[in-house]
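A short write-up of the structure that comes next.
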Amino acid sequence: MIIAFIIIKITGYELPAIEPIAVDNSNQTAELENTNQAVEVNNSNQAITETNTNKTEEATSSATISLKSKATTDEDSLAIDCLQDEICGQQTFTQNLSDTFPIQGQTEIEDYAAGYITVHNDTGGGLPLAINSRLQSASGVVFRTQERKTIPAHGAVEVYCRSDELGAAGNVEAGDFALIALSSLAQQQYYGTTDEAMTGGVLSRGLISQEQVDQAQKQLTDDFLASYQTLTDQIEETNFYELEEDFTTQSAIVSPSIGTEAEKFTLSLELTKDHLVIDQDKLQQYFTDKELTFADYQFNNINIDLDNDSVILTYAPTEFSTTQLTLDQLKDDLAGRTIAQAKQYLETLGYNEIEITGENLGDTLPLTPENISIVENTSLN
């Protein structure tokens, strides 16, 4: 509300002042406020338009960054022939493995149980045993000797025997055996024993196939690779390089041979795998002999060419070594930087040849890392 005083002055006479008049200015204020609000809305719309424009530019812009590291061009980098200088050497891990495997798809057939019975002689004279001499188990199963033997005085001899019973009935547990051709008194002085059961009355038989042998070989090679991994885990990663992904089978023996009917088979393998080991003590001594400080250099690359007896280690001065960031980490760091800032940043990471090109690219790299491509002449670690 505005208070107005109106004074009318006539020469020689002054009129009394008129009472203050109240003027309502609310409508005018509202109009001003509306005007300001309109301006703010217009500014807001302009900001939204600008944001949308930036988003459109960001969505359509892309950048390709080509890099070359100083380490690959700097004259101070070192190339070390570690084989010639006896800093590294090739090692071969060898393992002989053997195991027995059951044959799949077996069928049961009847046969005669057999095994060795130890015949004892507790007398002072020798006891000749003819072929087919009978020894009876505690369960009543009779076994016959399959070879001629003489049991020495106060001694014992193993004799191969076979059951008279065909099939499972001929199998007996370990125990005592009586020479049934002798008198009961003589049986106390001449007798047989076994520590293991006499079996073989029922046999399982199957055909040894190439497929089963391959499965067995896979199991043994998995064991070999597990042992190899245990060995290499004990070597520091920077000192060890695997020369080949695959192992070498030096020999493989299957017994009985493939195509034979049997209950089981044995597979024996000799496997080898090569790797390269770097002697860090000799490597550091190499730098000392060159009057260089090992800590001032950083490993850059290894080139293995065993066909030509060459293993080249490349080391670069630490100040020239390239970044240890992954490509994704590098993209994240570069996103949104100006091109000038990006180049300066890449130079601090060891790159001296930098070229940035792109589509719809202004002075700033895209905000989205996925819109940035990085191409370099050497791989990032």
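Any read-out appearing in this document is the output of simple, stated calculations on the displayed coordinates, not a laboratory observation. Source: prediction; values computed, not measured. FYI the Cβ positions are ideal-geometry reconstructions off the backbone, even for glycines, and counts take in every protein chain you see.
What to note about this one:
- For Leu367, the residues whose amide H sits under 5 Å from its own are Gly336, ignoring neighbours fewer than 5 places away on the same chain, with H placed 1.01 Å from N.
- Computed lengthening from Asp122 to Ile354, 0.36 nm per intervening residue step minus Cα-Cα distance: 73.6 nm
- Descending semi-axes in whole angstrom, ellipsoid equivalent of the range 142-261, from the Cα gyration tensor: 52, 21, 12
- Amide H contacts of Ile87 (H built 1.01 Å from N, under 5 Å, at least 5 apart or other chain): none
- Model label sites at Gln280 and Ile302, defined 7 Å from Cα along the beta-carbon direction, differ in position by 1.3 nm.
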